[in-house]
Every structure is written in structure tokens, then in C-alpha cells.
Amino acid sequence: MTANSLTVTDNRTGKVYELPIELGAIRATDLRKIKASADDFGLMSYDPAFMNTAACRSAITFIDGDRGILRYRGYPIEALAERSTFLETAYLLLYGELPTGERLDDWVYQVTHHTWVHENLKKVMDGFHYDAHPMGMLVSLVGALSTFYPEAKNGVDVETRRLQIIRLIAKMPTLAAFTYRHSLGMPLAYPDNHLSYTGNFLNMLFKATEAKYEPHPTLERALEVLFILHADHEQNCSTNAVRSVGSSRVDPYCAVAAGVAALFGPLHGGANEAVLRMLQAIGTKDRIPDFIRQVKEGRARLMGFGHRVYKNYDPRAKIIKRMADETFEVTRPNPLLPVARELERIALEDEYFVSRKLYPNVDFYSGLIYQAMGFPVEMFPVLFAIPRTAGWLAQWQEMIDDPEQKIARPRQLYVGQGEREYVPIGLRG
Ligand code: SDX
């Protein structure tokens with residue numbers, strides 16, 4: 001009997017089974033040999049919302065939820081936020097190592113020179129109402145990109161794959177800025193290849209009549225750090241969507257569009273928008289106790305708090321909270337910041353939240369910074385989707401290269417009706 005195994009007795013038959021344990025897990029398919037009878041399908045594992053199921057092996061991002069640790073390819077998020085750039089971090093996530101100076105220069109050059117999109121995408125934009133939500137527009141635009149690059153269906157070919165990855169990382173800011181300018185009824189601003197990734201994004205968002213837009217260095221760096229923090233987060237809801245859709249071997253544009261759609265949800269990437277609306281609804285510190293009461297009665301949710309994995313303070317939230325002060329030195333101070341800080345203080349002392357291990361997550365403070373930078377709340381999840389595209393593509397690529405991966409097709413526990421006779425409409429009750 002090997003040490004690394006589980007011995008299971010099926011009390012229905014008295015049979016004993018040995019299940020190998022690898023990387024702290026058993027293979028769900030090993031359960032199929034546990035049968036109550038010869039024609040039994042065999043046991044399955046039942047895990048709604050994948051609360052305790054690993055769907056893949058991954059070497060990209062490591063999270064220790066109890067200790068509040070987050071590392072990209074082994075590098076602590078704190079070090080990357082302080083010393084790296086978003087494009088360098090994107091390269092690390094995708095290719096596993098920090099790039100040499102020469103490789104980084106080539107990577108930045110490639111991304112910089114793929115920021116333009118086909119002019120026909122502007123006709124897609126024209127079809128949206130003036131008040132269309134930017135995330136709804138972004139889902140459509142990313143999916144539409146796939147129609148311009150039919151060769152992208154060959155995701156297995158490394159060079160084809162690399163070009164699509166560069167295109168998607170390069171064009172997300174352009175599409176995101178298009179949605180913002182559309183919502184304002186402003187003419188689209190085109191990329192400026194002399195600016196950094198985040199500087200060019202700010203240019204496409206905020207350029208007005210000046211001949212050349214000059215991004216504020218503090219805001220340019222703040223956006224760089226926020227993009228690094230949001231770049232990947234192992235098997236979150238939207239990454240699971242990208243891996244699952246990508247497992248059908250659809251092109252990466254459609255797979256990433258699925259990720260954008262999942263990220264739009266208020267429980268996921270839409271949470272930073274929901275945090276701002278929550279803080280605006282609370283309004284002032286003196287109304288916090290009443291809101292906390294509503295949360296405890298189940299009539300409200302403390303958005304920006306809680307996490308499926310972190311049962312400690314989200315390390316990204318700590319960095320963003322520190323960044324808030326630096327950002328507000330160059331923008332107008334956000335009157336909601338004191339409300340957010342008091343809400344956090346009260347929640348961290350309240351048994352209801354402490355007992356449920358609910359701490360601030362990445363979304364609790366990010367919205368305050370985005371708002372201070374001049375973004376409308378509807379743009380917040382879009383600002384999450386841009387950097388997360390690097391993580392989604394790294395995870396998609398890892399899935400494509402994983403010999404164990406196949407098309408994702410979960411099983412079910414059928415609890416519906418047995419066979420029934422068809423009932424003519426005149427005899428139906
Ligand atoms: C992101 O997965 C990722 O990595 C995501 C992300 C990433 O980088 O990709 O980190 C980004 O999505 C961050 C999370 C943003 N979402 C929010 O801030 C929305 C508010 N938080 C939640 O709705 C909730 O905490 C989740 C969705 C984040 C996690 O939910 P779980 O793991 O399914 O936990 P749960 O809903 O089962 O809650 C457990 C208990 C419940 O209470 P009881 O039923 O046991 O009494 O905690 C309560 C919940 O009611 N609870 C909350 C709460 N979050 C959980 N109660 C009040 N306010 C909250 N925010």
C-alpha cells in the first residue's frame with residue numbers, strides 16, 4: 001500500500017478501493033471504478049460552482065488564500081507592482097520568465113504596433129445606443145475581432161497563436177477607449193505609438209483638441225500598477241469561461257469575449273462598479289450602521305468584500321489602498337474615501353464579517369481610484385478586462401498545450417422525471 005493514496009470502503013458492497021493522491025488531489029475519474037453493481041455507471045463527484053474541484057494543472061498564478069499570498073510565475077505581486085510594468089508582467093504570465101531587455105523591447109514594439117483596429121469596427125460601434133454599457137459593447141467588439149482574423153482558428157500553431165495574443169493585448173485598450181468615447185458622443189481618438197501602453201490608453205480616452213496628449217505620469221503609473229494587479233488570478237469565474245469556451249478549439253477572440261461576458265457580472269469584475277454604487281447609496285459615515293444592519297439581514301451585500309479563495313486580506317487590496325493616497329494627491333480627493341475607510345474599519349471589527357472571513361478584495365478600493373481618475377463607474381469592469389486579457393490568454397495557451405485537456409463537458413446528477421407518455425393538448429391539466 002503506497003503512502004500517497006486514499007483507501008475507500010464502499011459500504012454498499014464492502015469492497016475496498018485504493019485511490020492515488022497526487023498534488024493533494026484524487027482523480028475524479030478514479031471514482032468511476034467504485035460501483036454498486038456490474039452495470040453501475042460508477043461514482044461521480046458532485047461539486048456545484050467547483051467549490052472544491054481542480055479543473056486543470058497550472059503553473060501561472062499561485063494564491064494562498066489563508067496567508068493572503070499572490071504570485072505570478074513565482075514572483076510576489078508586491079514586487080511586480082513596485083518594480084515591473086504591465087507589458088513585462090504580461091510577458092511573464094504568457095511565457096513563464098521575465099524577458100531580457102532585448103525580448104522586452106521586441107515585445108513592447110510588437111504590441112505597440114498592433115493597437116489599431118479595422119475601420120469597419122467603427123460601424124459596429126455605430127449600432128450601439130448612446131447609453132449602451134461599455135462592457136456590453138466590449139463583449140461584442142472582441143467577438144467581432146475574430147471575423148477579421150480567420151487564421152486565428154489555428155490556435156495550435158505557435159506563431160499564429162503568438163500573433164493573435166499580441167493583437168488582443170494591443171487592441172483591448174483601443175476597443176475600451178472606443179466604448180468610452182462612444183458613450184460621450186466624442187470622436188474616437190487613435191493610438192499614439194510614442195506613448196507607453198497605459199499612457200496611450202489615457203491618450204485614446206481623454207485626448208481632446210491638443211495636438212499631442214501628454215499623460216500625467218502619476219496617473220500613467222497608477223494605471224500601470226492597477227493593470228499589473230488585475231492581470232491574472234488563477235481559475236476565477238472569467239478564466240474558467242475562457243478555458244471552457246477555448247476547449248472547443250474556437251479562436252482566442254471568441255474565448256476572450258466569453259471571459260469579458262463572465263467578468264461583467266456584479267459578483268466578479270462588475271464588483272468595483274457595484275462598490276461605488278454601494279458607497280454612493282450609503283453617502284455618509286453616519287449611515288454605515290444602517291447599511292451593515294441591512295447586510296446582516298441579507299437585504300444587501302457588502303460589495304468589494306469576500307472572496308472564494310482569500311480568507312484573509314486580498315494582497316492586491318492592500319496595494320491599491322496605499323495607491324489611493326498617491327493618486328488623490330494629483331486628482332480631486334474622493335469624498336467617498338472616508339466612507340469606504342470607515343466601512344472597512346467597522347466590518348473588520350464585526351463578528352458577522354470576521355466569522356465569515358470576509359475581507360476587502362481587489363474591488364473595494366479600485367473603483368475609488370478609477371473615479372478620481374475621471375472614469376465613469378460603467379467603465380470600471382472594462383478597466384478590469386484590459387489587463388485580465390493577458391491572464392486569460394496565458395491560461396488559454398496553457399490549456400491548449402496541456403495534453404490532459406479535452407473539450408470541457410461536465411457530467412450531471414439527473415433529478416428530473418422518468419420516462420413519460422406524450423399527452424395530447426386536450427388532455428393536459
Ligand atoms: C473578483 O475568483 C477570483 O479570483 C475573482 C477575482 C479575480 O481577480 O478574478 O478576485 C475578482 O471577482 C473579486 C470578488 C468581487 N466580488 C464582490 O466583491 C461581490 C461581493 N462578494 C461576494 O458576493 C462573495 O464574497 C464572492 C462572490 C466574492 C465569493 O462568494 P462565495 O465564495 O461563493 O461565498 P458565499 O457567497 O458562499 O458566502 C459565504 C458566506 C455567506 O453567508 P452565509 O450564507 O454562510 O450566512 O459569506 C456571506 C454569504 O452570504 N458573504 C457576504 C459577502 N460575501 C459572502 N455577506 C455580505 N457581503 C459580502 N460581500
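Structure above, values below:
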item: Whole-angstrom Cα spans of segment 1-109 along principal axes, big to small; result: 64, 30, 29
item: Listed peptides 80-93, 185-198, 12-25 by packing density, highest first (mean Cβ within 10 Å); result: 80-93, 185-198, 12-25
item: About the Cα centre, charge dipole magnitude for segment 41-153 (Lys/Arg +1, Asp/Glu -1 at Cβ), debye; result: 240 debye
item: Per-residue ³J(HN,Hα) for segment 166-181, Karplus 6.51 cos²θ - 1.76 cosθ + 1.60, θ = phi - 60°, Hz, x for Gly and Pro; result: 4, 4, 5, 4, 6, 8, 4, x, 5, 5, 4, 5, 4, 5, 5, 5
item: Calculated from backbone phi, Karplus (6.51, -1.76, 1.60) coupling profile of segment 146-163 in Hz, x at Gly/Pro; result: 4, 6, 8, 10, x, 5, 5, 5, 8, x, 7, 5, 4, 5, 4, 4, 4, 5
item: Overall Cα dimensions of segment 71-188, principal axis frame, Å, largest first; result: 44, 34, 22
item: Amide hydrogen neighbours beyond the local backbone of K15, cut-off 5 Å, H modeled; result: D10
item: Cα gyration tensor shape of segment 212-348, rounded if a/c is under 1.5, else prolate or oblate by comparing a/b with b/c; result: oblate
item: Segment 1-45 shape via C-alpha gyration tensor axes, a/c threshold 1.5; result: oblate
item: Accessible surface, per residue, of the chain when the full set of protein chains is kept, probe 1.4 Å, Å²; result: 50 Å²
item: Lys, Arg +1 and Asp, Glu -1 on Cβ, resulting dipole of segment 1-45 about Cα centre, debye, nearest 20; result: 60 debye
item: Mean Cβ neighbour count within 10 Å, used as a protection proxy, ranking 355-366, 63-74 highest first; result: 355-366, 63-74
item: Rounded percent of accessible protein surface that carbon and sulfur make up, the chain, 1.4 Å probe; result: 55 percent
item: Burial ranking of peptide ranges 412-418, 388-394 (average Cβ count within 10 Å, highest at the top); result: 388-394, 412-418
item: Placed amide H near S247: partners under 5 Å, 5+ positions off or other chain; result: A408
item: Ellipsoid semi-axes in whole angstrom, largest first, where each is sqrt(5λ) of the Cα gyration tensor of the chain; result: 39, 29, 24
item: Karplus (6.51, -1.76, 1.60) ³J(HN,Hα), θ = phi - 60°, over segment 249-266, in Hz, Gly and Pro reported as x; result: 6, 6, 5, x, 5, 5, 5, 5, 4, 5, x, 4, 4, 5, 5, 5, x, x
item: Out-of-range pairs (alpha-carbon distance over 22 Å; input K296/K357; K123/K153; K123/K212; K296/K318); result: K123/K153; K123/K212; K296/K318
item: DSSP-loop trypsin sites (Lys or Arg not before Pro) across segment 163-270, with at most 15 other Cβ within 10 angstrom; result: K212, R249
item: Relative contact order computed over the chain (Cα-Cα under 8 Å; 6+ residues apart), in percent; result: 19 percent
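The values are calculated or read from the model by the stated rules, or taken from the named source; none is laboratory data. Only a predicted model underlies this, so the values are computations on that prediction, with no experimental measurement involved. Backbone-built Cβ (ideal geometry, glycine too); neighbour counts: all protein chains shown. These accessible areas exclude ligands, DNA and RNA; they are computed on the full protein's heavy atoms, side chains included. Shrake-Rupley method; radii C 1.70, N 1.55, O 1.52, S 1.80 Å.
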